[in-house]
Every structure is written in structure tokens, then in C-alpha cells.
Amino acid sequence: MNQLILYEEADNIGIITINRPEKVNALNQDIITGLTELLTKLNDDQSIRGVIITGTGKSFSSGVDISLMQVNPEEGRKFIKQLHGMINAARYNKKPIIAAINGYCFGGALEFILACDICVAADNATFGMQEVNLGIPSVIEAALFPFAVGLVKTRELLLTGKAITAEEALKINLINRVVPRDSLLDEAKKAMKEIIRNSSYVIGLQKELINRWLENAGIEESIKIGVDYFTISLTNENTRDSLNSALKK
């Protein structure tokens, strides 16, 4: 395990920590690959009943490292599919997954928590989909937004890129609960224990069924179309200028 991803176990619960605090836990290639591999491994680990994911410092994750998006369209298509693969490793995992959101949660990281089963946020957490401010559309698991918060709020969040507080996120059903920052991990463990007191077999079946409901609603086709739109956006000169400007900040 690389030092960008920390892992420990407690009471048959795997605890993953994104550990790149100097870059507000931005998702680089090593983190994306590492999380995908670890979640895939835990999916088959019979000793682990559930997984909690959190971040080091003031951020759960600020989203994808902008440098990964400064690529040509074909490289962009490859990258966005890798990000989708990481998120799928959570959404299709047989184990229940809880996101313990300790601070900033933007862009691809917010799409990731939508693929988790429960989201517990610290009272200082902040959420946003800021891709539109960078000149690119929100794609792949952003397609889950209407199922979580409804079409009206989806339009507002994705078209403005504005950030919202944990309390606002709770109000629109983006997350499940808000807790004091100091008790975040304890509350996440408590939420996990409410789940894993039930049969692992039935939990796995229920998660699979929920995913089938989403598939029947056309979620996978929406994600495929999103990959195409992301690729198209990278051909735009204004998009390239916006990404370059953001990287220099």
C-alpha cells in the first residue's frame, strides 16, 4: 500500500484514509489506482464486514487533480474511465461502504460518495461540483445526482458549481447525517455496526438489487454518454484555458 492511501482494520471493519493533505487529498493517478485495487481486494476478503473511507487533514478530497485533465481527448477518455472504475469498485462492492467526510468534498470525490452506501459528514464539511467552473461538464457518476437530490437541485449544483455546507447537503438528501468533527469516525463506525449486524449475504444481495434498479433506470447508458461529452469538452480552447488557469492558482 502506498503512503497516499492508509489502511487499518478494527472490529472486522476496513478503514481507508486518503492521505495527500498537502494537496487537499486531490485524486492523482496513484490514489485512483490504489483505491480501485484495495476496494477490489476487500470485496473478496471474508474477514472484512464493511469499509469506511475518510481523508487526512481538512479535506476528504478536493476531487481530481487538475493536472490529470490537461490531456488530449483520447487520454481524457482513458482517464475518466479509470475514475469511473474506481467509483464502480465502491458502488458494486458486496461490502457496505460508508464515506466519513471530514472536510472538502468536491467533483470526482463527491461522485465517489454518491456510490457509497451511507455518507456521514463532519459539521465543517463542504460539498460542490465545480467542473463547470473549469469548462468541463460533470459526467460519469454525476448521473446519480437526480436519484439523490432530485432534478431541480441537480441543475442548480451542476450548472453553478457552487459549494454547500454539510447542513445544506443533509437538507437535500445528499448525505445521511451530520456529526461533530471530533466524533466523525466513531459515528461512522456506529453507523456501520447498524448495518453489519445483519447477514453479509443479504447485504450483498440488497446492494446488488439497488444497483439493478439504477441500471433499469438507465444509469449505465447515462455514464457512457457522459464519457463522450467529457472527451468532447477537452477539444474546446476555453476549457483548456480554464484548466491551465486553475492549475496555476
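Counting only residues that are part of a strand (DSSP E or B), closer than 19 Å to residue 47 by Cβ and not β-branched (Val, Ile, Thr), region 88-100 holds 0 of them. Among the numbered criteria (1) modelled with pLDDT of 95 or more; (2) surrounded by fewer than 20 Cβ atoms within 10 Å (Cβ to Cβ); (3) of a type outside the set (Ser, Thr, Tyr); (4) in contact with a helix residue (DSSP H, G or I) (Cβ under 7 Å, 6 or more places away or on another chain), which single criterion is violated by residue 52? Residue 52 satisfies all of (1) modelled with pLDDT of 95 or more; (2) surrounded by fewer than 20 Cβ atoms within 10 Å (Cβ to Cβ); (3) of a type outside the set (Ser, Thr, Tyr); (4) in contact with a helix residue (DSSP H, G or I) (Cβ under 7 Å, 6 or more places away or on another chain) except (2).
This table checks each residue for (1) closer than 16 Å to residue 116 by Cβ; (2) β-branched (Val, Ile, Thr).
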position	(1), (2)
29	no, no
36	yes, yes
55	yes, no
66	no, yes
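Filter region 103-131 down to the residues that are surrounded by 23 or more Cβ atoms within 10 Å (Cβ to Cβ) and among the β-branched types (Val, Ile, Thr), then identify the one that is nearest to residue 161 (Cα to Cα). Result: 113. Here the condition is being within 12 Å of the chain's Cα centre (by Cα) and basic (Lys, Arg); of 20, 91, 49, 77, it holds for 91 alone. Scanning region 226-249 for residues that are part of a helix (DSSP H, G or I), touching a residue at least 60 places away in the same chain (Cβ under 8 Å), surrounded by fewer than 15 Cβ atoms within 10 Å (Cβ to Cβ) and of a type in the set (S, T, N, Q) yields 238, 244. Listed by first and then second residue, the pairs with beta-carbon distance under 8 Å, at least 6 apart or on different chains, first residue in region 101-120 and at positive phi and in a strand (DSSP E or B), second surrounded by fewer than 24 Cβ atoms within 10 Å (Cβ to Cβ) and of a type in the set (Phe, Trp, Tyr), form an empty list. Residues in region 56-78 that are touching a helix residue (DSSP H, G or I) at 6+ places or on another chain (Cβ under 8 Å) and assigned to a helix (DSSP H, G or I): 8 in all. Among the residues of region 132-167, which ones are in contact (Cβ under 8 Å) with a residue 40 or more places away in the chain and of a type in the set (D, E, K, R)? Hits for region 132-167 are 141, 167. Tally the residues that are more than 20 Å from residue 186 (Cβ to Cβ) and touching a residue at least 40 places away in the same chain (Cβ under 8 Å), restricting the search to region 1-24. Summing the residues that are more than 20 Å from residue 186 (Cβ to Cβ) and touching a residue at least 40 places away in the same chain (Cβ under 8 Å) in region 1-24 gives 2.
Please go through region 49-86 and pick out each residue that is in contact (Cβ under 8 Å) with a residue 60 or more places away in the chain and of a type in the set (Asp, Glu). 74, the sole residue that qualifies. Taking every residue in region 212-225 that is in contact (Cβ under 8 Å) with a residue 40 or more places away in the chain and pairing it with any residue that is assigned to a helix (DSSP H, G or I) and surrounded by 13 or more Cβ atoms within 10 Å (Cβ to Cβ), at least 6 positions away or on another chain, the pairs with Cβ-Cβ distances below 6 Å are 219/143; 222/143; 223/140; 223/143. Quick one: which of 194, 187 is more than 17 Å from the chain's Cα centre (by Cα), surrounded by fewer than 17 Cβ atoms within 10 Å (Cβ to Cβ) and either part of a helix (DSSP H, G or I) or among the aromatic types (Phe, Trp, Tyr) (or both)? Sole residue among the options that is more than 17 Å from the chain's Cα centre (by Cα), surrounded by fewer than 17 Cβ atoms within 10 Å (Cβ to Cβ) and either part of a helix (DSSP H, G or I) or among the aromatic types (Phe, Trp, Tyr) (or both): 194. Looking at region 1-55, which of the residues that are small (Gly, Ala, Ser) and part of a strand (DSSP E or B) is nearest to residue 69 (Cα to Cα)? Out of the qualifying residues, it is 55.
The values are calculated or read from the model by the stated rules, or taken from the named source; none is laboratory data. The shown structure was predicted, so the numbers you read here are calculated from the model rather than taken from an experiment. Cβ atoms come from the backbone with ideal geometry, glycine included; neighbour counts cover every protein chain shown.
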